[in-house]
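Working notes, beginning with the structure itself.
The values are calculated or read from the model by the stated rules, or taken from the named source; none is laboratory data. Everything numeric in this text was worked out from a predicted model, so none of it was measured. Using ideal geometry, Cβ is built from the backbone for each residue, glycine included, and neighbour counts are taken over all protein chains shown.
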Amino acid sequence: MYVLIVGGGKVGFHLGRMLLGKQHEVTIVEQRPARAQLLQGLIGDVLLVGDGTLPSVLEAAGCARADIVAAVTGDDAANLLIAALAARHFGAGRTIARLNDPRNEPLFRLCGVEGMVSSSSILAELIEREVTAARVRTLLAFPNGGAAIVEVDLSPHSTAADRPVREVPWPPDSLLILILHRGDVRIPSGDTRIEAGDRLLLVAPPEAEPALQSLLAPEAP
Amino acid sequence: MRIVVIGCGRIGAHVAKSLSAAGNDVCVVDTDVSSLSRLGDRFRGQTVVGHGFDQTVLEQAQVARADAVIVLTNVDATNFMVARAATELFGVRRVSVRVNDPEFASVFAELGLNILDLPDLVLGQVQRSLALSATAGDGTPAPGTAR
């Protein structure tokens, strides 16, 4: 897969390094020559120096044949323009734009940007998860609101502790998808035993959350 | 007419002052307070400090009831975003966008923007003035002068 990354800051650099590690073809467009030189020393000959909002620079970077164009500069106006150019002028496969200011999300959406990544929103959600008292925490809510991926730490007071998955009275429409057992990932089957202290990931509708909480993480008796 | 001008550089200030003097209800937006001083003491319109693509700034500038928005900053990406915000978030019909880098002229037009093609305007004037001086300097004596 060919991925064109515009913006060689921290996000662009780590994204590029990760993709190169997975054997993808990568180009990073970076405007600042010194930064580009630094990155070149770190991850190899994949840098193109130039203003990535310019159509001529995007063309030289092979925007039209890119499977993914990731606009990850620190400037939302630049990211919006790059995403618009990639999608509508060059017809690139898929475009992703970084949102530096989450308040720009409605505009990005109205402008038809397909994929949006907001590091500040993600960070805010992670911190909220850490400080929240809720025992059933939402990891990912699907856009239509019908289901979410949630996590719960299995309490020793739960009636489900030390029982095989098939014997646990799961609330309707909820599905256990993953068990984190002392840092190991387990894909559950009906015979898998869940133990107190396990972190459980489930797909469940929002209305099932109270039932999940009383089943898996009840108040201490 | 209510006209919102985004960007108060030399060009933005010139346009805002002229439109205001001609009797329009003009509002000027710039991120920099000192740029707004270019408007001078006699400017009677409204000024707002902030980013032209910031929704709250555009609300302060009452863009929704503007007859036209003229986007005149010297950064093309900013101009693009401001224009999209005025159109998509506030439904302004008449939005004109300054083009700084000639590369964006055709691309902005292709993306549906109404452009003010600054490089091309300058080029046109240069070509006309060269054409004039070429006529004057081609060796033909001007009428009524002796050789």
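Points to keep in mind about this one:
- Qualifying residue in the stretch B:76-91 (condition: more than 22 Å from B:VAL26 (Cβ to Cβ), more than 10 Å from chain A (Cβ to nearest Cβ) and assigned to a helix (DSSP H, G or I)): no
- In the stretch A:67-86, the residues that are more than 10 Å from every other protein chain (Cβ to nearest Cβ) form Cβ pairs under 7 Å with partners that are surrounded by fewer than 24 Cβ atoms within 10 Å (Cβ to Cβ) and in a helix (DSSP H, G or I), at six or more places apart or across chains, as follows: A:ALA70/A:LEU15; A:VAL72/A:VAL11; A:VAL72/A:LEU15.
- The one condition in (1) in a strand (DSSP E or B); (2) of a type outside the set (Lys, Arg); (3) more than 15 Å from the chain's Cα centre (by Cα) that B:ASP41 fails to fulfil: (1)
- Single match in A:GLY146, A:GLY183 (criterion: at pLDDT below 95, surrounded by fewer than 16 Cβ atoms within 10 Å (Cβ to Cβ), under 30 Å from A:GLU114 (Cβ atoms) and in the same structural domain as A:LEU202 (by TED's automatic domain parsing)): A:GLY146
- Filter result for B:ASN74 (surrounded by fewer than 24 Cβ atoms within 10 Å (Cβ to Cβ) and either under 17 Å from B:VAL99 (Cα atoms) or modelled with pLDDT under 95 (or both)): yes
- The stretch B:55-75, residues that are assigned to a helix (DSSP H, G or I), in contact (Cβ under 8 Å) with a residue 12 or more places away in the chain and either at the interface with chain A (Cβ under 10 Å from one of its Cβ atoms) or among the small types (Gly, Ala, Ser) (or both): B:GLN55, B:ALA64
- Restricting A:ALA77, A:ALA87, A:ALA83 to those that are among the aliphatic types (A, V, I, L, M) and either farther than 23 Å from A:ARG35 by Cβ or in a strand (DSSP E or B) (or both) reduces the list to A:ALA87.
- Residue list for the stretch A:87-113, filter: more than 11 Å from chain B (Cβ to nearest Cβ) and among the basic types (Lys, Arg): A:ARG94, A:ARG98
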